[in-house]
Amino acid sequence: MIRMPRVVVWAALLLGWEVFARLTADGFVIAAPTEIAQYVWRNTGLLWRATGVTGWVALQGFVWGNLAGVMLALAAVLIPRAERGLLTLALLVFCLPLVATGPILRVLYGPGQGPQVTLAALSVVYTTFLPVLVGLRAVPQSWLDLARSYGRGPVTLLALVRLPAALPYLVAGLQIAAPAAFLGAMVGEFTGAERGLGVLTVRALRGLDLPATWAVALLAAALSMAAFAGIGALGRRLSLAPPEILLAAPDDARGRAGASIQGIAAVAVALAVWQGAMDAFDLPRFFARRPGDVWDYLVTAPEAGAHRANLLAALGETLTVALPGYGAGLLLGAGLAALLTLAPPLAALVLPVSVALRSIPIIATAPLIVWALGRGAAGSITVVAVMIFFPTLVACLHGLARAPRPLMDLFDSYDAGPLRRLWGVQLPAMLPAFFASARMAVPAAILAVTTAEWLATGRGIGALMATVASTSDYAMLWSAIAVIGLAALATHAGVAALERAVLRRTSPEQLAG
């Protein structure tokens, strides 16, 4: 088989891109490479300055958000009873819709980079917290027993046993966090910043400047991919083995009742933190609404029925596209992982494209996808699927690679074909990783669909939040945030329950607490 030089392959791809863009110029979706290059050449200084501003903001958010994620994971390990509450709080923080939190932070901070840095930090807390928590717990019990036999306490076990074991998971979390921090910084710039790549994106979208939109999107993707690759290279330089997989959460020995009580307690803690933070800083109720204000607005106020009807109607529109996109992204990621296992040479083509799609900030890809597929359900579903499928693909590839070698040898001894091995051994081994990615994809789906509604479709709860933010209807804005948080928790709990039910039959060892 003749292998084409890589430069020839890339030249052919660029030529095909150019031809296709010229042929579909009337569709106003794809910019030709020559048009993008001309824009970059004419605006090199502007792009360089904007990149510096956004990059510095993203770096600050990356540092603070990852520090918070690591500290929360350490607290969860040292105080096991607090783990479920911390998981819930971290999930709620990650599910906060950037469409809503951006304007609120702009009011709180005023001019400056505070909102951008905060949004960048909020975007990475959960993506680091969960992998590090899994890594801290992914220690062989024999290691812990040996250390305890020498009289070592929890802090020593953490420093000498758990932290070294968690380093590969930390690197994996940092890789995921790098594009997320860049996205949070750009969304923060949407809320009133004067400089940055997010500002350039807003101008390009408003002016329907297709080459500028593509140039900023590709530049953001290139920076995110460079950060992703650089962190991975650092992990390899430190001779860190890749993490096993994101394991399932331990099964609660007290059963469903105990888990439900802990879940209710975690929500109560979240409400207390919400109320306490507002009161501690003495924030004015005009925009800093408390839980009681939201309850009055939706339940006891004279017009509460109309408020609920508007909010639930918008939420229903959002869920009708978010859930299909969520399922499509998971199936696409798992299906691609299975396909690459059967045909490894395809990985050289599929993986770079997948990394590029995941690295382009959703605020740049959402309008392009909706322009291409229309403002109906198809565009929003595709946006959600694109946001979800790459993390699922990576997790499922890890899971497939962890298929037990003795079982693979057993199937080989019976001359089983690739499909039979995939179905009988590799797919069951992939299930824990698949469900872990499904849990992590819940906030990503919310981010994707609300961003698409905000920037492109003009419907659903994302558009509602953008509208009420512009009219200073903060009661509806905070109510939307609360409803989205509850919907995210319910979806996450549903996925976790399905995970436990499936893994009890296929991989019960993953549920050993």
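The values are calculated or read from the model by the stated rules, or taken from the named source; none is laboratory data. In this text, all values refer to a predicted model and were calculated from it rather than measured experimentally. Positions of Cβ are generated from backbone atoms using ideal geometry, with glycine treated the same way; all protein chains shown enter the neighbour counts. SASA here: full protein model, heavy atoms, side chains in, ligands and nucleic acids out. Shrake-Rupley method; radii C 1.70, N 1.55, O 1.52, S 1.80 Å.
Considering every residue within the stretch 409-419, establish whether at least one is in a helix (DSSP H, G or I) and either closer than 30 Å to Trp454 by Cα or open to solvent by less than 10 Å² (accessible area, probe 1.4 Å) (or both).
no
Which pairs have Cβ atoms under 8 Å, sit 6 or more apart or on different chains, and link a residue in the stretch 219-233 that is part of a helix (DSSP H, G or I) to one that is open to solvent by less than 30 Å² (accessible area, probe 1.4 Å) and aromatic (Phe, Trp, Tyr)?
Ala220/Phe182; Leu223/Phe182; Ser224/Phe182; Ala227/Phe182
Can you find a residue that is modelled with pLDDT under 80, polar (S, T, N, Q) and either more than 23 Å from Pro103 (Cα to Cα) or surrounded by fewer than 23 Cβ atoms within 10 Å (Cβ to Cβ) (or both) anywhere in the stretch 191-201?
Among the residues of the stretch 191-201, at least one is modelled with pLDDT under 80, polar (S, T, N, Q) and either more than 23 Å from Pro103 (Cα to Cα) or surrounded by fewer than 23 Cβ atoms within 10 Å (Cβ to Cβ) (or both), which makes the answer yes.
List, please: which pairs have Cβ atoms under 9 Å, are six or more places apart or on different chains, and start with a residue in the stretch 121-134 that is farther than 7 Å from Gly69 by Cβ and end with one that is at pLDDT 80 or above and of a type in the set (D, E, K, R)?
Here the result reads Leu130/Arg439, each pair linking the stretch 121-134 to a residue that is at pLDDT 80 or above and of a type in the set (D, E, K, R).
Touching a Gly at 6+ places or on another chain (Cβ under 6 Å) and either surrounded by 21 or more Cβ atoms within 10 Å (Cβ to Cβ) or not small (Gly, Ala, Ser) (or both): is that true of Gln60 in this structure?
Here the answer is no, as Gln60 does not meet what is asked.
Looking at Ala204 and the list (1) touching a residue at least 60 places away in the same chain (Cβ under 8 Å); (2) part of a helix (DSSP H, G or I), which single condition is not satisfied?
All conditions are met except number (1).
Got a sec? Which of Ala147, Ala185, Ala159 is in a helix (DSSP H, G or I) and either at pLDDT 75 or above or of a type outside the set (A, V, I, L, M) (or both)? Even if it seems obvious, please write down each step before you answer.
Working: Ala147 fails: either at pLDDT 75 or above or of a type outside the set (A, V, I, L, M) (or both); Ala159 fails: either at pLDDT 75 or above or of a type outside the set (A, V, I, L, M) (or both).
Testing whether each residue is in a helix (DSSP H, G or I) and either at pLDDT 75 or above or of a type outside the set (A, V, I, L, M) (or both) leaves just Ala185.
Quick check on Gly335: is it modelled with pLDDT of 85 or more, assigned to a helix (DSSP H, G or I), of a type outside the set (A, V, I, L, M, F, W, C) and open to solvent by less than 20 Å² (accessible area, probe 1.4 Å)?
Working: modelled with pLDDT of 85 or more: yes; assigned to a helix (DSSP H, G or I): yes; of a type outside the set (A, V, I, L, M, F, W, C): yes; open to solvent by less than 20 Å² (accessible area, probe 1.4 Å): no.
Judged against the criteria, Gly335 is not a match.
How many residues does the stretch 453-491 contain that are at negative phi, polar (S, T, N, Q) and outside any helix (DSSP H, G or I)?
Looking only at that region, the number is 1.
State whether the residues of the stretch 22-36 include one that is modelled with pLDDT of 80 or more, surrounded by fewer than 15 Cβ atoms within 10 Å (Cβ to Cβ) and in a helix (DSSP H, G or I).
yes
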